[in-house]
Structure formats: structure tokens, C-alpha cells
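J.: First the structure, then my questions, so here it is.
The values are calculated or read from the model by the stated rules, or taken from the named source; none is laboratory data. This structure is a prediction, so every number in the text was calculated from the model and none was measured. Methodologically, a virtual Cβ is constructed for each residue, glycine included, from the backbone with ideal geometry; neighbour enumeration extends over all protein chains shown.
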Amino acid sequence: MSQSAPLTFRYATRDDLPAIVALLADDEKGKTREELTDPLPGAYYAAFDAMESQSTDKLPNKYLLACQNDDIVGCLQLTLIAGLSRRGQLRAQIEGVRVSSTVRGQKIGEKLITQSISISKSLGAVLVQFTTDKTRKDAHRFYERLGFVASHEGMKLALDPA
């Protein structure tokens, strides 16, 4: 991949799911969480369709893609959330940030986060939040360099499938 290839951003379509799942699996944690098969398991398509059905122009729940030429080189899920806390102010939630291992070190992750912040601001969000695994020390330094502050302690509860 050429470092000089321009970076563009767009929202994902269903056709992009194999590339997105490949990015999610191209990661030490994702290797054990994702199922990168051909064809992809239907659960990925069902989840994408559910995201699309929840999404509106003002409250998107979409995968934002970073592309060089025709290649998807990065992704993240951007969801704008309306809520009552903070006097009803809109917040943005970022999940699933990934950059292809073939292009790391080219500031693609930084540009992807910056683009998601810009989109969030343009839609009226006053806060951008995300969770990151406690073991991802490099990711913590990356986010802190971009101005994020580890101001909260997150917790999760794994639920058994019904």
C-alpha cells in the first residue's frame, strides 16, 4: 500500500462486511472474537441490518471506513446517542476501531478518529466516548495523545446466550 495514496472516508455498506470483519479479526483480541469465513456468518449481516434500521441522518449508528484507493484500511463504529444526562446533550460513542496491520504507522487511525469527531460535532454532539480494553496500553497512549482522558472506569457483564 502506497503511503501517498489519498485517504477518503465513507460509511459502510453491506458489501463491505467481509473487509470490516477482516479488520476486526486482524487484531490480537479479534482473532479469538471474530469468525472470518467465506461466506461470513449471517449474524454479521443481521447486526449490520439492525444498525442500519436504528440509524438516522441526525443519529447515525454506522461503520465509518477509511479507504486508500479501493482498499478499506481502517474502520470504526460511530453511534450518536440521545440521552437525558448532561441536560439532554447528544454524545458520540466509538467502538471497534481498527487499522489494517499493513498500513499501521501512517496516522490512519488518527485521521479516522479526527473524522469521527468532526462528524460528531457537526451533528451536535458535545462529548465523544469509547471503551478500550485495559490491556491495550499502546491504544491508551494513542487516545491520550489525541486528547482523550481516562475519566471513567468501565465495566462489562458477559451474558449467556438465551
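J.: Search the stretch 59-94 for residues being surrounded by 13 or more Cβ atoms within 10 Å (Cβ to Cβ) and charged (D, E, K, R), and hand back the single one that is nearest to residue 47 (Cα to Cα).
T.: 62
J.: For the subset of the stretch 1-15 comprising residues that are modelled with pLDDT under 95 and exposed (fewer than 14 other Cβ atoms within 10 Å of the Cβ), which member is nearest to residue 67 (Cα to Cα)?
T.: In this case the residue turns out to be 6.
J.: Which residue out of 40, 59, 36, 65 is hydrophobic (A, V, I, L, M, F, W, C) and within 13 Å of the chain's Cα centre (by Cα)?
T.: 65
J.: Further question on the same structure: Among the residues of the stretch 26-38, count how many are surrounded by 10 or more Cβ atoms within 10 Å (Cβ to Cβ), out of contact with any helix residue (DSSP H, G or I) (no Cβ under 7 Å at 6 or more places or on another chain) and within 17 Å of residue 95 (Cβ to Cβ).
T.: 3
Condition check ((1) closer than 22 Å to residue 65 by Cα; (2) at pLDDT below 95; (3) of a type outside the set (A, V, I, L, M, F, W, C)) across all residues:
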| residue | (1), (2), (3) |
| --- | --- |
| 88 | no, yes, yes |
| 116 | yes, no, yes |
| 120 | yes, no, yes |
| 131 | yes, yes, yes |
| 140 | yes, yes, yes |
| 145 | yes, yes, yes |
| 148 | yes, yes, no |
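J.: Looking at the stretch 16-31, I want the residues that are at positive phi and have a partner that is among the acidic types (Asp, Glu) and not in a helix (DSSP H, G or I) with Cβ atoms under 6 Å, at least 6 apart or on another chain. Which pairs are those?
T.: Hits for this filter: zero, empty list.
J.: To continue, here is another question. Could you list all residues from the stretch 39-50 that are crowded, with 16+ Cβ neighbours inside 10 Å and part of a helix (DSSP H, G or I)?
T.: 44, 48, listed by residue number.
J.: Looking at the stretch 111-133, which of its residues are more than 14 Å from residue 93 (Cβ to Cβ) and either surrounded by 11 or more Cβ atoms within 10 Å (Cβ to Cβ) or touching a strand residue (DSSP E or B) at 6+ places or on another chain (Cβ under 6 Å) (or both)?
T.: Listed by number, the residues that qualify are 111, 112, 114, 115, 118, 121, 124, 133.
J.: Moving on. Quick one: residue 62 ticks every box in (1) over 22 Å from residue 141 (Cα atoms); (2) of a type in the set (Lys, Arg); (3) part of a strand (DSSP E or B); (4) in contact (Cβ under 8 Å) with a residue 60 or more places away in the chain bar one, so which box is it?
T.: (4)
J.: Among the residues of the stretch 70-96, which ones are touching a strand residue (DSSP E or B) at 6+ places or on another chain (Cβ under 9 Å) and in contact (Cβ under 8 Å) with a residue 40 or more places away in the chain?
T.: Selection gives 72, 73, 74, 75, 76, 78, 80, 86, 96.
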